[in-house]
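Working notes for the structure below.
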Ligand code: HSO
Ligand code: ZN
């Protein structure tokens, strides 16, 4: 691995051809509904299903196809993700109505979104863990109808059995064997067999991502997701084996995944670089990992931790690992990341699967303005008010005059008629 010193900041940009094709498919789904979905299912996924909803019999069959150990492991992950989501939900226990000033009672109410779709990608690796990360927070938030969907496996009418089992254990209310742009269109606009939802969450390829972007407004979305990234800040006390392992855990995701090390210790950088090459020799996912490490990987040397912090904040990575003599020294200065892993033992892989935090996180610098999927993704914070006559007599003249200033006379009247 050549040691890079330049920094590459990548932003979200979709090619024009993708945008146009997605627009065409979405229009088709809007117009032709199930017939359109069937057409693209067949064209892109060789998915021959006439009914997309997965039946209980199919779910039972999937359980028989996976190991008991797999089910046990999934249940441990589910428990931890649920536990954390429940604690996060506590931040929504502060519904209130308060008399802010005499006669004016203002309030705040947290209301769960009524229905959601968890989009679980198929593709190279069937990421069943993503089903847990999307479905569980929606359930804990109190979403009444949690749907999940995923494309069928190659030349099959079935979703990957591990994904299906994970969806079921996580508590999905409805499961559909459909994916791609057509799935996003179907759950946005509705078809004869698929009722639309209020929010769609989850990662996907560039077509699915563009479809979510185009459907936003007609449906809520979590965010526009891109390739996975990890940035590691380390000093001379860090463990090079851990860092090399974590960089590659990221790089194997796909050809555009990124692993970045920022370090104050030149020697550490060199050792990590060698260790990465060593692990790569026997890595079954070598092809992808080598390519993304060579093309997108970076080892950046800085003189001070302050410089590292500045650079990291500019990268705004999805995952940020810090392994330092004293991590607490910089934690409060780090302001842009999807999920933070503090200390050499706290590796991203635990967040990916089992510690309990969510792995559906903002990529491509979106962590400047949003965190990842969590219970709050599925809860709306709404406001309420109750006014007394006394308050109206005080507020109405002000509202009236402000409305007149804006030239809105019906508004002015709506205030005035209430004055006693
Ligand atoms: N690191 C990925 C999530 C994942 N890793 C799923 C393994 N399976 C994006 O945060
Ligand atoms: Zn991962």
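Just so it is clear, none of the values below were taken in a lab; they were calculated from the coordinates. From a predicted model like this one, the values you see are computed outputs, not experimental measurements. Cβ coordinates were reconstructed from backbone atoms using ideal geometry, including for glycine residues, and neighbour counts include every protein chain displayed.
Here are the numbers for the structure shown:
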quantity	calculated
Kirkwood Rh in Å, taken over all unlike Cα pairs in segment 227-368	14.7 Å
Within the chain, helix-based [θ] at 222 nm, where runs of 4 or more DSSP H residues each add -39,500 (n - 2.57), nearest 500	-14500 deg cm²/dmol
Tilt relative to the chain, helix 240-251 - C-alpha long axis, 0 to 90 degrees, to 10	60 degrees
Which of 377, 264, 304, 14 has the fewest Cβ neighbours within 10 Å, and the rest in rising order	304, 14, 264, 377
Mean-position separation - Cα centroids, segment 286-334 and segment 219-233, in angstrom	16 Å
Reciprocal of mean inverse Cα separation for segment 363-407 (Kirkwood radius, Å)	14.9 Å
Dimensionless Rg ratio for the chain, taking C-alpha atoms and the 2.2 N^0.38 Å reference	1.14
Angle in degrees between helix 305-315 and the longest Cα principal axis of the chain, rounded to the nearest 10	60 degrees
For segment 128-270, average projected area of the Cα convex hull in nm²	11.1 nm²
0 to 90° range, to nearest 10: angle between helix 286-296 axis and the chain longest Cα axis	70 degrees
